[in-house]
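S.K.: Below are the structure tokens for one structure; questions will follow.
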Amino acid sequence: MEDEIRRRACDLAVYIIETGATVRTAAHQFGISKSTVHKDLSQRLPHYNRLLYKQVRQILDINKAQRHIRGGMATREKYRKKRNV
């Protein structure tokens, strides 16, 4: 079981590093919850692979800084579609 969690955490990190994906996108891609992705990356990964953790942390920090912009764009698009219907 421990090996599966370790492998999943490393796979998640590699996926996010390669694609720049958000936690939500990664969760959807791997079929797990956002909470599990967050716990794997922020709490478990530093113990398994420090180098991967540092790389993925940079991307997660960027995504966190930009999330208010993405949320605004999604809301804007939502109301734009409603107006055109």
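S.K.: What do you reckon, is L45 in contact with a Cys (Cβ under 8 Å, 6 or more places away or on another chain) and buried (at least 17 other Cβ atoms within 10 Å of the Cβ)? Walk me through how you get there before you give the answer.
M.R.: Working: in contact with a Cys (Cβ under 8 Å, 6 or more places away or on another chain): yes; buried (at least 17 other Cβ atoms within 10 Å of the Cβ): yes.
Against the criterion (in contact with a Cys (Cβ under 8 Å, 6 or more places away or on another chain) and buried (at least 17 other Cβ atoms within 10 Å of the Cβ)), L45 qualifies.
S.K.: Next up: Name the pairs whose Cβ atoms lie under 6 Å apart, with the first residue in segment 61-85 and in contact (Cβ under 8 Å) with a residue 12 or more places away in the chain, the second surrounded by 10 or more Cβ atoms within 10 Å (Cβ to Cβ) and of a type in the set (S, T, N, Q), and 6 or more positions between them or separate chains?
M.R.: Close Cβ pairs (under 6 Å, with a partner that is surrounded by 10 or more Cβ atoms within 10 Å (Cβ to Cβ) and of a type in the set (S, T, N, Q)) amount to N63/T22.
S.K.: So, in segment 1-45, how many residues would count as being free of Cβ contacts under 8 Å to residues at least 24 places away in the same chain and in a helix (DSSP H, G or I)?
M.R.: Qualifying residue count, segment 1-45: 22.
Values quoted throughout were computed directly from the atomic coordinates according to the rules given, and no laboratory measurement underlies them. Quantities reported herein were computed from a predicted structural model and do not represent experimental measurements. Don't worry about glycine lacking a Cβ; one is built from the backbone with ideal geometry, like all the others, and counts go over all protein chains shown.
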